[in-house]
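Have a look at the structure below, then the notes.
The values are calculated or read from the model by the stated rules, or taken from the named source; none is laboratory data. Computed from a prediction, not measured in an experiment: that's the story for all the values here. Neighbour counts run over all protein chains shown; Cβ positions are idealised from the backbone, glycine included.
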Amino acid sequence: MAGLSSREAGNEAAEPASYRAGIENRVLRLEAAGNWSIVHLNKVDGELRRLVASPGEANRAVIGLSAVSRFDTAAAAIISRTAARLEEQGLRVEFEGVSEAQHLLLDKVGSLGEPEPVRRPPVPAYLQILGKIGETLLAMAAEARAMLGFVGAVIVTVGRTIANPRRFRLVPFVHHMEKSGFDALPLVCLLTFLIGAVVAQQGAVQLRQFGAEVFTVNLIAIIFLREVGLLLTAIIVAGRSGSAFTAEIGSMKMREEIDAMRTLGLDPMDMLILPRVAALTVTLPLLTFIADVMGLVGGGLVVFFMLDMSPGVYITRVQEAVGFWTFGVGLVKAPFMAAVIALVGCRAGLAVTGSAESVGAMTTSSVVRSIFLVIILDALFAMFFTAVDI
Amino acid sequence: MSTSRKGEPIIEVEGLDTRFGDNVVHENLDLTVKRGEIIGIVGGSGTGKSVLLRTILGLKRPDAGRIRVFGLDFSTLPEAERRLNEQRWGVLFQDGALFSALTVAENIQVPYREHLDLSQELMDELAAVKIAMAGLRPTAGTLYPSELSGGMRKRAGLARALALDPEILFLDEPTAGLDPIGAAAFDELINDLKETLGLTVFLVTHDLDTLHATCDRIAVLAEKHVILVGTIDDMLRSSHPWIHEYFHGPRARAALAGK
């Protein structure tokens with residue numbers, strides 16, 4: 001609080017706010033003095049509250065302001081409240097030595113009436129928790145419904161486009177293939193290569209204990225072709241492209257561009273959603289294929305250095321380890337995952353409401369949701385393929 | 001405010017240059033604002049009205065020239081003293097610039113919590129007073145900014161700007177986006193606050209009605225500096241083509257006719 005005095009620097013001497021109170025002949029005299037500005041008023045305020053609570057014998061009160069050097073809104077609010085409380089206690093309140101400026105302020109603050117409570121009454125904790133659970137459940141149900149409706153609308157659009165292929169927007173389709181497929185290549189390649197190498201290295205160390213290090217090849221081949229290649233790619237794409245879809249469509253929604261499209265007779269489903277969904281459905285299997293290859297290359301490199309296995313032998317052993325369906329299973333899943341990522345991303349974009357915060361919130365939730373759904377879907381596929389014995 | 005004389009200079013801008021890259025916004029701009037007046041800053045789009053406001057507030061560094069507020073050059077003040085003196089002004093940004101995570105009342109209480117040591121009871125009471133002063137309905141204190149209309153956000157922003165009883169109030173386009181009734185009420189509110197609180201008001205606006213209704217003086221920004229400062233009558237008499245166009249155009253005539 002050291003600097004408080006210089007807040008009034010250049011104004012008057014800053015002796016803090018004070019008051020004297022005394023009762024004479026059943027008259028309560030309050031003489032305020034000093035600098036009644038907000039920085040000095042906390043203590044005075046507390047004292048005044050206590051004083052007014054029990055004004056004693058008095059039946060009349062006189063509030064004098066002539067010795068006050070500075071008087072701001074906060075002071076007016078406190079004086080005004082003090083006067084009101086005293087009147088409630090049955091006292092007649094008079095003012096003395098009120099300057100013109102003080103008069104104006106007191107009148108203004110007085111005319112505003114009793115201050116209303118500015119915070120909501122607290123809700124008990126158990127009700128808050130219950131409310132939160134209920135809200136979340138309702139929101140989930142509403143979201144599931146909306147998502148179902150959206151998927152339906154996309155299917156209808158796909159049907160219409162098949163019936164009338166000229167509706168299909170080729171340019172945005174290719175553009176999104178480039179953005180979410182081709183541009184993702186370096187990242188996907190690097191990450192799958194590294195994971196392939198790490199899996200091979202860890203596998204070789206463990207399998208060596210049984211003298212079975214040659215099976216490292218089977219480990220890499222099966223794990224990559226069947227699961228990791230696709231999952232890793234899908235998660236990267238969900239983070240890269242799913243979020244981009246939400247952010248792009250969301251900011252268009254926020255700036256009313258989507259409404260503008262509709263008024264111009266353009267269907268956002270045709271213009272925005274379908275090209276993105278189609279592009280991702282085509283590119284994710286391609287990316288997965290490359291991811292599989294890069295994983296095998298990474299694994300092969302480690303095998304070459306750790307187990308002295310030549311590339312020729314490595315390739316032969318890979319061919320022996322996996323049948324077509326090990327590879328096929330991974331690739332069959334890819335378009336479904338792509339569709340899930342694209343649909344969730346686009347739907348979240350369309351769910352954006354007016355504000356910029358909502359774009360951020362929807363982008364986060366779109367990534368979280370699509371990664372969650374990708375993993376759930378993978379588990380369902382695993383159950384399915386086990387059932388059909390592939 | 002009692003001993004500070006009305007009419008003494010409170011904001012002095014001398015030889016101000018502002019540039020964004022090669023784009024020169026202000027060149028050798030001079031402006032003096034007197035204590036207790038409402039000064040309106042007008043100018044075409046892109047003449048740097050808001051930039052001037054931001055430069056005076058220290059949000060943008062001037063490329064040349066000197067700015068003194070309360071007789072102090074903020075750019076050379078020590079950090080602690082600068083912070084302290086920044087509490088002597090209040091700013092209303094165009095869309096209120098309320099903190100979205102806080103309710104209106106909490107927004108108003110931010111400077112109290114940050115700079116003062118007040119009881120929660122007193123803070124709540126003062127927030128309610130400021131809410132009422134800014135012309136918001138009493139229940140607005142518990143609402144979040146996203147639950148407010150544009151006009152209410154401006155009033156809430158004003159309430160926060162008034163939290164510490166500032167000496168200068170900076171308003172950036174306060175009536176933009178308000179309906180005519182809301183805008184007229186806002187003009188009245190500004191006049192009223194100036195009278196009761198003894199405020200100096202620095203008002204950037206496009207609104208001719210606001211200029212007529214509130215401003216003691218008007219400063220016209222054009223050709224990279226202030227080309228004319230004066231009352232509305234001075235503006236009407238000026239022969240400068242832009243000023244003539246601005247104050248004699250069809251909208252200006254309509255605004256004048258309403259007087």
Among the residues of the range B:118-138, how many are more than 8 Å from chain A (Cβ to nearest Cβ) and of a type in the set (A, V, I, L, M)?
3
Hits in the range B:226-252 (condition: within 30 Å of B:Glu195 (Cα to Cα) and touching a residue at least 40 places away in the same chain (Cβ under 8 Å))
B:Val226, B:Val229, B:Tyr246, B:Arg251, B:Ala252
Please work out which one of (1) closer than 29 Å to A:Leu48 by Cα; (2) assigned to a helix (DSSP H, G or I); (3) within 11 Å of chain A (Cβ to nearest Cβ) is the condition B:Arg83 fails and give its number.
(1)
Apart from one, (1) closer than 30 Å to B:Gly141 by Cα; (2) surrounded by 15 or more Cβ atoms within 10 Å (Cβ to Cβ) all hold for A:Ala197; the odd one out is (1)
Of the candidates A:Val344, A:Val352, A:Val367, A:Val332, the one satisfying the condition of being at pLDDT below 95, part of a helix (DSSP H, G or I) and β-branched (Val, Ile, Thr) is A:Val332
Which residues, counting only those in the range A:99-119, are surrounded by 11 or more Cβ atoms within 10 Å (Cβ to Cβ) and either without any contact (Cβ under 8 Å) to a residue 24 or more places away in the chain or more than 13 Å from every other protein chain (Cβ to nearest Cβ) (or both)?
A:His103, A:Leu104, A:Asp107, A:Leu112, A:Gly113, A:Glu116, A:Pro117, A:Val118, A:Arg119
Which residue is farthest from B:His240 (Cα to Cα), if the candidates are limited to the range B:37-80 and must be part of a strand (DSSP E or B) and β-branched (Val, Ile, Thr)?
B:Val69
Log entry, pairs with first residue in the range B:45-59 being over 12 Å from B:Ala222 (Cα atoms), second being part of a loop (DSSP other than H, G, I, E, B), beta carbons closer than 7 Å, six or more apart or on different chains, reads B:Val51/B:Lys60; B:Arg54/B:Lys60; B:Thr55/B:Pro62
Condition first: over 28 Å from A:Ser370 (Cβ atoms) and over 21 Å from the mean Cα position of the chain (by Cα). Can you find one or more residues in the range A:129-136 that meet it?
yes
Could you give me the residue pairs with C-beta distances under 9 Å whose first residue belongs to the range A:366-390 and is on the phi < 0 side of the Ramachandran plot, whose second residue is hydroxyl-bearing (Ser, Thr, Tyr) wherever it lies, and which are 6+ apart or on separate chains?
A:Ser366/A:Ser243; A:Ser366/A:Thr246; A:Val367/A:Ser243; A:Val367/A:Thr246; A:Ser370/A:Ser243; A:Ile390/A:Thr326
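I need the helices (runs of 4 or more DSSP H) fully contained in the range A:203-302, keeping only those with at least 3 residues that are without any contact (Cβ under 8 Å) to a residue 12 or more places away in the chain and of a type outside the set (A, V, I, L, M, F, W, C). Please lay out each step first, then the result.
Values: elements: A:216-223, A:229-237, A:243-254, A:257-263.
Output list reads A:257-263.
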Of all residues in the range A:46-62, which are under 24 Å from A:Ser99 (Cβ atoms) and either surrounded by fewer than 22 Cβ atoms within 10 Å (Cβ to Cβ) or touching a Gly at 6+ places or on another chain (Cβ under 6 Å) (or both)?
A:Glu47, A:Leu48, A:Leu51, A:Val52, A:Arg60, A:Val62
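Being more than 26 Å from A:Pro55 (Cβ to Cβ), modelled with pLDDT of 60 or more and more than 43 Å from the chain's Cα centre (by Cα) is true for just one of A:Glu15, A:Glu24, A:Glu31, A:Glu8. Which residue is that? Outline the logic, then answer.
Values: A:Glu24 fails: more than 26 Å from A:Pro55 (Cβ to Cβ); A:Glu31 fails: more than 26 Å from A:Pro55 (Cβ to Cβ); A:Glu8 fails: modelled with pLDDT of 60 or more.
After ruling out the rest, the residue left standing is A:Glu15.
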If you take the residues in the range B:86-117 that are surrounded by fewer than 16 Cβ atoms within 10 Å (Cβ to Cβ) and within 11 Å of chain A (Cβ to nearest Cβ), which one is farthest from B:Leu143 (Cα to Cα)?
B:Asp117
Can you give me the number of residues within the range B:129-151 that are surrounded by fewer than 24 Cβ atoms within 10 Å (Cβ to Cβ), in contact (Cβ under 8 Å) with a residue 12 or more places away in the chain and part of a helix (DSSP H, G or I)?
7
